[in-house]
Amino acid sequence: MWARRIIIVGLALVLATLGLAASAQDASPTLPPDTTGAGCEAPMLDLWTAASDACVNGPEGFICNGGTAPAAEPAGPVANALAPSGALVESALVDVVHTPPISPETGSVGVAWLRSGVPVRFSALMIGDVSLRDMSPPEFPAWQSMLVQTATEGSSCLSAPLNALILQSPVDLPARIVVNGISLYLNGTVLVRAAFDQTLLVSLAGAATVTANGQQQDMFAGQQVVLAHPPGDYTRPASPPSPPAPYEPAVARNLPVALFDRPFVLPQPGFVTTRGAINLRVYPSTDAGIIREVSAGQVATVLGKNPAGDWYNVRINTGETGWMKADLLLSSVGSIEAVFEATPSIPQRYGLLGSTGVVISPAGVNLRVGPDGGFPAMAALNGGTIVRLLARSPYSPWVKVEVNGITGWLALVVLDTRAYLDAIPVDFAAPPQPTPTRIPGSFGNAFPDPNGND
């Protein structure tokens, strides 16, 4: 599918059209006024779904356009090749890319992915009116250093996010990149906004280290730092990083998390630290089951709280989520807006492609009663059959599916799907893998003599 879209081209754009305001005290933005209200929610969902269908799970080393045609540099007759939704362009050939504003009332949206390849692997998701310029020296990999600017004026749609750049590193593979002259050690996900002569960096998952003007600041998920720039010059910081603080919730409101290369539940501002050994539980009660014991001094990301406010829903460094009693934690949180009683699910991809799969084996496959090839077959499915994804196995790369009213299990390898696998619920009631039949003689006994002799 991707091979049909790959187009290697040169591109064009001018950064000076961003029209950033001259000065401000804080790079943390406020939400735009609501002029269209909830009426724009459905058009926004349609735009995100189209972007997801076009570019989710795209290849490394390419820019993928998921929305309205972006502008780009270097200029040339082939620059228009990036205009169609789903178009791919080698990232190393692009110097500048500028995505347009979000305008659901006109069906326009700026959304594009830049996925850097080896040796410095990371993804950069542009949302809204964002300009990105490659500033890497010739001897360095493309996009290891970049200039980012985000327009100050957002959409009038209350369901639209603010203009932002989302940087994400692969799991357990940190990336060191430079953003607006700021050294960023990225081990997770960071949101970037650059306006009013300031760069705002918000850690959304994992951790990050920001270094500028000889000073370094570590950030946990839920924190932000701000750096000033000389007027009109985003190529270098004029200040060291500010002390990390709980981020402003407006920055991440309405973010299309399902478009991230690795979706997750967004953090609340700040973080908590365990005072001593504490149990991570499945729901907010001391009677709830224990997921694991977490040792003292561990930092946890806050995802929300229960209505009474005496329990926090958290994510720990293993990626596991659950509940911790608030009075057993050192709290460094800001305003917590997420209130619920059940641990939220990881956001799944938009549209049908996020909940379905297509059988890709030309010869067809067997739908089985359990998640292993040793289980009996229930039905035969032809290549091209569309199945609905229901759950995944807790101990094998198999998924529970429904097709034509029949529910069974398929190996994940036989399906083509855009679903984010970690967002598919685990079926802990799945039948255990069958015990393999032992081969005679493999467990201490001799093979029978075919001639009947002992």
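Laboratory data are not the source of any read-out in this text; all were calculated from the coordinates shown. Only a predicted model underlies this, so the values are computations on that prediction, with no experimental measurement involved. Cβ placement follows ideal geometry from the backbone for every residue including glycine, while neighbour counts extend to all protein chains displayed.
Which residues in the range 63-96 have a backbone N closer than 15 Å to a point placed 7 Å from the Cα of residue 46 along the Cα-to-Cβ line?
68
Which is the longest run of the chain containing none of the chymotrypsin sites (Phe, Trp or Tyr not before Pro) found in DSSP loop states (not H, G, I, E, B) with at most 13 other C-beta atoms within 10 Å?
1-339
Let me have the relative contact order for the chain, percent, based on Cα pairs under 8 Å that are six or more residues apart.
10
Could you compute the FRET efficiency for residue 318 and residue 80, with r as their C-beta to C-beta distance and R0 at 45 Å, rounded to 0.05?
Efficiency for this residue pair is about 0.45.
Can you sort 96, 403, 109 from fewest to most other Cβ atoms within 10 Å of each residue's own Cβ?
Ranking 96, 403, 109 by Cβ neighbours within 10 Å, fewest first, gives 403, 96, 109.
What FRET efficiency would be calculated for the residue pair residue 286, residue 93, taking the C-beta separation as r and a Förster radius of 60 Å, to the nearest 0.05?
Calculated transfer efficiency: 0.55.
Expressed as a rounded percentage, what relative contact order does the range 270-333 have, with Cα pairs under 8 Å and six or more residues apart?
Across the range 270-333, relative contact order equals 39 percent.
What residues from the range 186-211 fall in the zone where the backbone N is under 17 Å from a label point 7 Å along the Cα-to-C-beta line of residue 218?
186-189, 203-211
Work out the length of the dipole vector of the chain about its Cα centre, built from +1 on the beta-carbon of each Lys and Arg and -1 on the beta-carbon of each Asp and Glu, and round it to the nearest 20 debye.
Computed charge dipole of the chain: roughly 460 debye.
Which three extents, in angstrom, do the Cα atoms of the range 352-423 have along their principal axes, listed largest first?
Projected onto its principal axes, the Cα set of the range 352-423 covers 27, 27, 22 Å.
Place +1 on the Cβ of every Lys and Arg and -1 on the Cβ of every Asp and Glu in the chain, take the dipole about the Cα centre, and give the residue among 431, 317, 329 whose Cα lies farthest towards its positive end.
After comparing all options, I get 431.
How many times 2.2 N^0.38 Å is the alpha carbon radius of gyration of the range 251-313?
The value comes to 1.30.
State the dimensionless ratio Rg/Rh of the chain (Rg: radius of gyration of Cα atoms; Rh: Kirkwood radius).
The Rg/Rh ratio comes out at 1.04.
Full extension from residue 273 to residue 345: what is 0.36 nm times the residue separation minus their Cα-Cα distance, to one decimal in nm?
23.6 nm
Specify the angular offset, from 0 to 90 degrees and rounded to the nearest 10, of the alpha carbon long axis of helix 41-55 from the longest principal axis of the alpha carbons in the chain.
For helix 41-55, the angle is close to 70 degrees.
For the chain, with the dipole built from +1 on Lys and Arg beta-carbon atoms and -1 on Asp and Glu ones, taken about the Cα centre, which of 49, 373, 406 lies farthest toward the positive end?
In the chain, that residue is 373.
Using only helices, what value at 222 nm comes out for the chain when you add -39,500 (n - 2.57) per DSSP H run of length 4 or more and divide by the total residues, to the nearest 500 deg cm²/dmol?
-1000 deg cm²/dmol
Can you work out the PRE-style zone for residue 308? Point 7 Å along Cα to Cβ, and I want the residues of the range 263-285 with backbone N under 16 Å.
Only 281-285 pass the distance filter.
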